[in-house]
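**Student:** I have a structure I would like to understand better, so I am pasting it below and will then ask my questions one at a time.
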Amino acid sequence: MITIVFCLGRLPGLSREELQDYGLERHAPLVREHAAVLGIRRYVQSHSFDRATAASSAA
């Protein structure tokens, strides 16, 4: 098995929420559609938290 990890930076014109929405609503369906042809068996997205959410979960 080969694992590939991509760390993406956000374009200056996009909010964090817009980037996460793009990943979940547009990119994930594309991966799902082409997974068999590309040999993808598992696809995971990991998203960042905003500071307030991260701070409240640490307490």
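The values are calculated or read from the model by the stated rules, or taken from the named source; none is laboratory data. Here the structure is a predicted model, which is why all the values come from computation and not from measurement. Here Cβ is always computed from backbone atoms with ideal geometry, including for glycine, and neighbour counts include all displayed protein chains.
**Student:** Output the residues belonging to segment 13-30 that are under 23 Å from Ile2 (Cβ atoms) and within 11 Å of the chain's Cα centre (by Cα).
**Tutor:** Answer for segment 13-30, where residues must be under 23 Å from Ile2 (Cβ atoms) and within 11 Å of the chain's Cα centre (by Cα): Gly23, His27, Ala28.
**Student:** Within segment 31-59, which residues are outside any loop (DSSP other than H, G, I, E, B), of a type outside the set (D, E, K, R) and under 20 Å from Ile2 (Cβ atoms)?
**Tutor:** Val31, His34, Ala35, Ala36, Val37, Leu38
Listed here are the residues, each with its yes/no results for (1) of a type in the set (Lys, Arg); (2) touching a Phe, Trp or Tyr at 6+ places or on another chain (Cβ under 6 Å); (3) surrounded by 10 or more Cβ atoms within 10 Å (Cβ to Cβ); (4) at pLDDT 95 or above.
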| position | (1), (2), (3), (4) |
| --- | --- |
| Leu8 | no, no, no, no |
| Arg16 | yes, no, yes, no |
| Glu25 | no, no, no, yes |
| Pro29 | no, no, yes, yes |
| Arg32 | yes, no, yes, yes |
| Gly39 | no, no, no, no |
| Ala54 | no, no, yes, no |
| Ser57 | no, no, no, no |
